[in-house]
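What follows draws every value from the coordinates through simple rules; no lab data is involved. This one's a predicted model, so the numbers in the text were calculated from it and none came from an experiment. Every residue, glycine as well, gets a Cβ built from its backbone with ideal geometry; the counts of neighbours run over all protein chains shown.
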Amino acid sequence: MKLVIGSNPWTYSCISRILRVVAYSTNTLSPNASPSKPPDTLPIRVSRSGHPKASIVPVLNQWLEEGKAIKQSMLHTIIRHLRSFGRFKQALEVSEFMSEEMRYGISVGDMAVRLDLISKVHGIEQAEKYFDSLPDTMRTFQVYGALLNCYAHHKCLEKAEATLQIMRESGHLSNAVSYNVMLNLYSRLGKHDKLDVLMQEMKEKGIKHDAFTNNIRLNAYASSSDIEGMEKFLTTIENDVEVSVDWHAYVAAASAYLKARLTEKALEMLSRAEQLVTQASRKHAYEIFLTLYTNLGRKDDVYRIWRLYGNLGKFFNSGYLCMISSLVKLDDLDGAERILAEWESGYSYYDARIPNVMISAYCRRGFIKKAEAYTVSLIERGVIKEPDAFILNSLATGYQMDGQMSKAVETMKAAILSSSSGWKPNLCTLAACLKFLEGEDNLEAAKELLQLLQVRGHLSNDVYNGLVKNILDGNVDVSALDQTKGGSETLDEESTRTHEGQIEASS
């Protein structure tokens, strides 16, 4: 097998031929084979625009060329959705399109959002340049707060502390918001000793702790497994007549007990949390409850919360992603298929993570035919143009587990060629592919597979050279493969961490 770097991994490879001949049958497809097609709106076009790294501007221009208007409120909605899906590059393009092409005036809030997006897309230095370009009159509390958020996101502790000091001196620290950003940064860096110092400063300045302040402190106790400290602090804030304890506090406590394997106490905290959920916070709360009850193995409670979620009267991708991920983790694939069918029948904004979770679940549980058939259905229905790196990575794992190693190698190659920064292959599957090629005396193909990883920026030169040497010596070292750069190893794990991260985000 000769791997050709730079070849089109989908149109011309054996993978397309494999999927083109997959039989459509009721035995291999889930009940969602023919959902109704969503209406043509600009947000839908944006959501189905292909690779997250591809430019979104042609989609916006095409909409205008068709004689359709683009209101500023619609662009705000699109930016918000893109940010929620982590498509920061495209969100930044829409932000720039709003002011440069549409000539809409941008508010201080728009500037704060753009500062955040520049930081995520181009790095902190470019964000600083944008901040410096703003007139002094526009450097309000909101914009300084966004800059502080940028530093906190990139864990630039000294710059964050310096920015907080500027805000102190300029009188911008009049409430708990920026203090909470700094408290959260200290917590993430494990500097728990500084939490109490900053909270004491708030007390001396007469800045009241709010629920977020308390929840950050509780989460810090939880992350350090300080059950005793957490219980004492929880008792203190429960007796505070000025700041009411909200459901987030009990979620933080439940997380700590869950981590400590104190199941009954975790369930007690969740019960208290459920009683405190407000009308406005139900969506976020229910999504977190789904994750926690899943981690506790409580499938009946997962379905109970989902029924409550259904009473919200709105269609949220994040909820469907959370529920499907939960059922997959609980090994309830039939239930996950039913929820997937429901999502496909009514979504208005396509979220690739949802079908990807299902495809990953099929592949990891040995249902490669179902994974192939569902991927074909997405293409034939025009939902996607071609499988992305996450789908291909899952299919490669499915082929590997099914013993179809030639297909696994070809599909892994396609996944790498389709990948971008932040992606990471299934390391066990990659190792199996290399071992297979080694066993076939095809060391050149194994080297080229590693070279693809290097070219795509997933392997450093040193790691690449070391792995190639190992292969030539007849030794595929799986531990060395763990040095690949990128995000989560699998989509299932990524989704789990995403929803578990919502617990911390709630603070």
In whole µm²/s, the translational diffusion coefficient that Stokes-Einstein assigns to the chain, given a Kirkwood hydrodynamic radius over C-alpha pairs, 20 °C and 1.002 mPa s, equals 85
Counting Lys and Arg as +1 and Asp and Glu as -1 over every other residue whose Cβ sits under 15 Å from the Cβ of GLY313, the net charge comes to +3
Highest mean packing first, using Cβ neighbours within 10 angstrom, the peptides 322-331, 263-272 sort as 322-331, 263-272
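Between GLU242 and ARG381, what FRET efficiency comes out of the Förster formula 1/(1 + (r/R0)^6) with R0 = 56 Å and r the beta carbon distance, rounded to 0.05? Could the numbers behind the result be given before it?
On the way: r = 55 Å, r/R0 = 0.98.
Approximately 0.55, to the nearest 0.05.
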Computed from the beta carbon distance with a Förster radius of 56 Å, FRET efficiency for ARG45 and SER224 to the nearest 0.05 stands at 0.75
Expressed in nanometres to one decimal, the distance between label points 7 Å along Cα→Cβ at ASP331 and LYS194 is 4.5
Any GluC sites (Glu not before Pro) in segment 38-115 that lie in a DSSP loop and have at most 15 other Cβ atoms within 10 Å would be GLU66, GLU101
Cβ-Cβ cut-off under 11 Å around ASP388, Lys and Arg +1, Asp and Glu -1: the net charge is +2
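What ranking do 405-415, 370-380, 69-79 get when scored by the average of other Cβ atoms within 10 Å per residue, highest first?
Output ranking for 405-415, 370-380, 69-79: 405-415, 370-380, 69-79.
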